[in-house]
1. Past 20 Å, Cα to Cα, is the threshold; run A:LYS39/A:LYS293; A:LYS169/A:LYS211; A:LYS27/A:LYS162 against it and keep the listed order.
2. Counting only Cα atoms, I'd like the Rg/Rh figure for chain A, Kirkwood definition for Rh.
3. Dividing the alpha-carbon radius of gyration of segment A:1-135 by 2.2 N^0.38 Å (N being the number of residues), what value is obtained?
4. Share of antiparallel DSSP beta bridges in segment A:124-250, in percent to the nearest 5?
5. Counting Lys and Arg as +1 and Asp and Glu as -1, what is the net charge of the other residues whose Cβ lies under 13 Å from the Cβ of B:LEU85?
6. For segment B:285-296, in order, what is each residue's ³J(HN,Hα) by Karplus, 6.51 cos²θ - 1.76 cosθ + 1.60 with θ = phi - 60°, in whole Hz (x at glycine and Pro)?
7. Between B:CYS297 and B:MET19, what is the FRET efficiency for a Förster distance of 45 Å, r being their Cβ-Cβ separation, to the nearest 0.05?
8. Past the 27 Å Cα-Cα mark, which pairs from A:LYS14/B:LYS263; A:LYS247/A:LYS374; A:LYS23/A:LYS84; A:LYS55/A:LYS453?
Amino acid sequence: MITHNIKAGRGDFKRGIHPPAQKQLSKDNPVVPLPLPQKVSVPVLQHTGAPCDSKVKPRQKVTLGELLGESTAFISAPIHAPVKGTVAMPAMTTLPNGRHMACIPIQSDSDSPDPKHVWDDLISFSWPKAGLDSYEAVTIVEDVKKAGIVGLGGAAFPTHVKLTWNEKKPVDVLLINGCECEPYLTNDDRLMMEASSSIVTGALLAARAVKVKTIMVAIEDNKPESIRKMRETADGTGIQIIPVHTKYPMGGERQVVPAVLGREVPTGGLPLDVGVVVINVGTASSIACAVIKKQPLTHRVITVTGRGVKQPNNLFVPIGISYKEAIDFCGGLTQDAKRVISGGPMMGFTIGDLETPITKGTSGVVVLTEQDLKDSDELNCIRCGRCVDVCPLNLVPTKIALSSKYRDWSQAKRHHLMACCECGCCAYICPSQIPLVQLIRLGKSLLPKEEKKGSLP
Amino acid sequence: MIHVSPSPHYPGKSRTSSMMMRDVLIALIPCVLMAVYVFRSHAVFQIAVCVASCLASEAIFSLMRGKKIPLRDGSAAVTGVILALSLPWSAPWYVGVIGSFVAIGIGKIIYGGLGQNVFNPAMVGRAFVMINFPVALGASAYVSSGTGIHIITQATPLTAAKLTAQVSGLWPLFLGTCNGSLGEVSALACLIGGLYLCFRRTASWEIPAGIFLSVIILGGVANMVSIHKQITVLHHLFSGALFFGAFFIATDPVTSPLTPLGKWIFGIGLGFFIMMIRLFSGYPEGVMFAVLLMNGCVPIINRYTIPVPVGGPVPEKKVS
């Protein structure tokens, strides 16, 4: 039996950093639906897990929300058509994380429902806050799976896996993550302000699926409007809105669970191991659409921002449009734009080709300019220990990074290499500009291979 | 043209290593001013000799290694000022030059330059000249009559206490109107600079706190069991290089531990050795040797203070 206390966190976690938030660029801009794109191209892998097999043929007509591909693997999520149109010849694309993946291009029909239609439907629908008892746990999970819902916070882990009830791992709290700790991004903030009812309904449905009574929404205290709006909407449903300190990486599961509940997620484990299921606010909203309206996940809110974009904004886009289309809609790149990032600047991936499609896990596009990226020379480590002072997981990043660099695996293991969550606080703070987290990532990918070879003691 | 690179893409607005070195130089200003006030031109002379020779040594050794000359990082200047401030006013010019040469060459470059050295370079240089020029740096070097500066007609407070059990007033010790090495005379000046460093987080506060803690405890015990009741804990704290060493020498990031726990152990151990040397050895003062001793312990402290990650250690994979 779980004997944890409910709500014993201090609203904060130890260490961490306070990077300039830069959210003022886009936080006051309401979400704008993109006009209907001429074509979209939907990658067959947009999540953590197995890629989908295509279920459509070239020249086939598809309607909005029609199944395009699915997989029989448990950890996978099907993909659906974000527009009504005609399937074109399959193509290859390179995802921001560097994987080459097939994608299904669709030429849209002029009479296809446009994103504005889908967005208006989302915000004007009267989402039920009570009387959800008729939805059984099993059907909720089934609907979520069919709708292809994945974590919209960035990791894109299939949500039905999280919601599947496991009798060995009892859950007592559902935590809705509205922290949005990455600098620049404001998509979750806007969603909470404009579509709070769908989030509340989605949270109530997810709670039914995992059979818990306690639902908490964690929101960083730099989003007072969202906190107020969510409190107002959640009134009477028993959902608790918990403001937490504004600090990076508050949105990480290993930080937000201790901050809200005072429970430490074991290294190598999941929040599930301490009786918590964490889902993002965007995910909650799409759960509501999937269960109540049987709508698959085909659109999402993204933030297009940074000083390299002429008019930073929050957009509601069909999945599969290119980064270029989103940026062009926001006035295009400025002259001095230098780096285009999928996701936030702390953990996002840079993209080299602006024709890359936006996927379910894309929370935003941040374009940084030359000025933002003042690159300076890397110096020797002076062992100041700043990285130790900021590491949210209490590691010694400099030792891990340097032992990864020099392939000293016994030292790397002694310093708990594989416990690193790659948040990047260490590289951010390092006064010698050592790419600490980059080196640690290298070590994390090499160590298992070395171990497999059996060359390690 | 757009760029591709791994995350994070957010260059920290935090300070760089050279800015940290500049911070140390700023924090040393009160000590330098006090040294100039007390020792007049002698202080100016020592500082000029040591800084110039440290910069020259860094340039020569870097050229020999075929590296570009890293004078801009400011670390050689910091070593020079700290070395100068740890010398007696009367040290001849060649002591400063040889000390700087050894500090940079043997103390730092030989290990691979900034960040690689095990021992505090300034203290390596000072230990070298102290052993090789015992007369020029011994207790007698501090005393002279007929220079027109009143303070240096007396023995240094710790020497006086060691030999004749005489103590000076606490106020002169605290303010710095007493004899000693250039930078160490004023506890107040060191405190101002030291607090600035800790406040800026350029120095870790755990190290001086650990040193003071153990000096207060051991000094208190020594005072209780000793026949010389007039040497109190405050005399131990304000005399000698304790404040200077605690804030400026022990806090050198390169030669101190990485983790907060390690820093506490380092500080407490340092205070222990300072008191042991002061109480039981032939030297009146022990900061230099204590720092070198504890520097040698840093790798082992780092090894045994690896923090437990949040969520516990990485689980061992089951052997299938």
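1. Details: A:LYS39/A:LYS293 25 Å; A:LYS169/A:LYS211 12 Å; A:LYS27/A:LYS162 30 Å.
The answer is A:LYS39/A:LYS293; A:LYS27/A:LYS162.
2. Result: Rg/Rh = 0.96.
3. Details: Rg = 20.6 Å, N = 135, 2.2 N^0.38 = 14.2 Å.
With N residues counted in segment A:1-135, Rg over 2.2 N^0.38 Å equals 1.46.
4. 10
5. Numbers: positive: B:ARG126; negative: B:GLU184.
Summing Lys and Arg as +1 and Asp and Glu as -1 gives 0.
6. The phi angles translate into 9, x, 4, 4, 5, 4, 5, 5, 4, 6, 4, x Hz.
7. With a Förster radius of 45 Å, E is 0.95.
8. Working: A:LYS14/B:LYS263 18 Å; A:LYS247/A:LYS374 23 Å; A:LYS23/A:LYS84 34 Å; A:LYS55/A:LYS453 39 Å.
In this structure, A:LYS23/A:LYS84; A:LYS55/A:LYS453 exceed 27 Å between Cα atoms.
The values are calculated or read from the model by the stated rules, or taken from the named source; none is laboratory data. All of these numbers come straight from a predicted model, not from anything done at the bench. Every residue, glycine as well, gets a Cβ built from its backbone with ideal geometry; the counts of neighbours run over all protein chains shown. Accessible surface is based on the protein model in full, side chains and every heavy atom, while ligands, DNA and RNA are left aside. Shrake-Rupley method; radii C 1.70, N 1.55, O 1.52, S 1.80 Å.
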